[in-house]
Amino acid sequence: MSDRVLVTLDHEVRDADAPLLHADDLAVVRGDGVFETLLVRGGRALKVEAHLTRLVASARALGLPIQDLDEWRLALELAVEEWGSEREGAMRLVLSRGRESGGDPTAFVTVGPVSERILEARRDGVSVLTLARGYSVDLSASAPWQLLGAKTLSYATNMAALRYAATLGADDVIFVSSEGNVLEGPRSTVVIARDKHLLTPPPEHGILPGTTQQALYEVASGKGFRCEYAALRPADLITAEGVWLISSVTMVARVRKIDGLALPDAPLADEIVELVGLAVEAAGTESAEA
């Protein structure tokens, strides 16, 4: 059992406190790579196949070679074993183009503690700001080189938005397109409820397809919910019967305040938390050979 775990794709368990990357690794100098984050719970990583599928899609968007997925699966298993069977952890899969001077891609898996920020967001919910993302919902189709919908290491804009929100007393951000459409959070998918009707913005708007949101939709559809993808406006967030930020490690955080406006209690709050829990646990039982 370790406090932090690092496993490289040659299946070597490394010292998580020792240097790993070269100074000219393109992950460092250009953010040229992709990543995924997974929740580790009950001695296993959850939604492995969904995340590997998205890792492959992101790598293809960047023209990155992707190693055999069985190698990733084995590295994941080793990382979970090193982490320990009972504790909850945050796992990250990282793939970069490698060194600028040439050579193989850089690929590794880490596991660390789930942060206090995440635990607070699950428990207490979050306040958010709506911020302009600076592009149109049509940009993904007209400019695929922008890599919208790929989970890349180039997260500087996302982190800058979160820091800006923090200076104004907000916990998180919901991005809005140039047309005024709701997009996503810097690290989450937006889901709203209207009675037993769940809605989220469509991936065609340049949004990263949410693995946890997709798992939620699968479970909720079997529990009497109507689940749809639809264009949303900030006003839809205000008038909804609940707004949530959904992601793999936080799982579900209820939005309690938007742009300083307190939202009323969400009638379905407890049920949404339960559904997300069922969704991630169900996905966690998928076969590693799938």
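The values are calculated or read from the model by the stated rules, or taken from the named source; none is laboratory data. Because the structure is a prediction, the values reported are computed rather than measured. Every residue, glycine among them, receives a Cβ derived from its backbone with ideal geometry; neighbour counts consider all protein chains shown. Calculation scope for accessible area: heavy atoms of the full protein, side chains included, ligands and nucleic acids excluded. Shrake-Rupley method; radii C 1.70, N 1.55, O 1.52, S 1.80 Å.
Structure notes:
- Simple spin-label estimate for LEU168 and GLU100 in nanometres, 7 Å along Cα-Cβ: 3.6
- Relative contact order for the chain: 20 percent, from Cα pairs under 8 Å spaced at least 6 residues apart, divided by residue count.
- Pair ALA235, ASP124: separation of 7 Å Cα→Cβ label points (nm): 3.3
- Fully extended contour minus Cα-Cα distance, from MET159 to SER221, at 0.36 nm per residue: 19.0 nm
- Highest-fluctuation residue, ILE174, ILE246, ILE238 considered, GNM on the chain with Cα pairs under 10 Å: ILE238
- Across the chain, the longest piece that holds none of the trypsin sites (Lys or Arg not before Pro) lying in DSSP loops with up to 14 other C-beta atoms within 10 Å covers 31-195.
- The relative contact order of the range 89-230 comes to 19 percent, based on Cα pairs under 8 Å that sit 6 or more residues apart.
- Net length gained if the chain between ALA143 and ASP68 were fully extended (0.36 nm per residue, minus Cα distance): 24.1 nm
- For GLY125, the residues 5 or more places off, or on other chains, whose built amide H falls under 5 Å of its own are ARG254.
- For the range 157-290, averaging the sequence separation of C-alpha pairs within contact (under 8 Å, six or more residues apart) and dividing by the residue count gives a relative contact order of 22 percent.
- Over the chain, accessible surface divided per residue gives 46 Å², non-protein components excluded, 1.4 Å probe.
- Percent of beta bridges antiparallel (DSSP, the range 94-249, rounded to nearest 5): 55
- In Å², nearest 10: area of GLU179 left accessible to a 1.4 Å probe: 70
- Rounded to the nearest 5, the antiparallel percentage of DSSP beta bridges internal to the chain is 75%.
- Computed FRET value (nearest 0.05) for SER178 with LYS257, which takes r as the C-beta separation and R₀ as 22 Å: 0.35
- The alpha-carbon of LYS196 sits under 17 angstrom from the alpha-carbons of these aspartates and glutamates, leaving out residues fewer than 8 places away in its chain: GLU218, GLU228, ASP236, GLU241, ASP265, ASP270, GLU271, GLU274.
- Comparing GLU271, GLU204, GLU36 in a Gaussian network model of the chain, where Cα atoms under 10 Å apart are tied by springs, the biggest mean-square fluctuation is seen for GLU271.
- The convex hull of the Cα atoms of the chain, projected and averaged over all directions, covers 14.9 nm².
- Spatial separation of Cα centroids for the range 172-239 and the range 59-79, in angstrom: 28
- 3J(HN,Hα) along the range 17-24, derived from phi through the Karplus expression 6.51 cos²θ - 1.76 cosθ + 1.60 where θ = phi - 60°, amounts to 9, 9, x, 10, 7, 6, 5, 9 Hz, with x in place of Gly and Pro.
- Using a Förster distance of 25 Å, the FRET efficiency for HIS11-ARG87 (Cβ separation, nearest 0.05): 0.70
- Across the protein chains, with a 1.4 Å probe defining accessible surface, the residues HIS11, HIS197 rank HIS11, HIS197 from largest area downward.
- The lysines whose alpha-carbon is closer than 21 Å to the alpha-carbon of LYS151, local same-chain residues fewer than 8 away aside, are LYS47.
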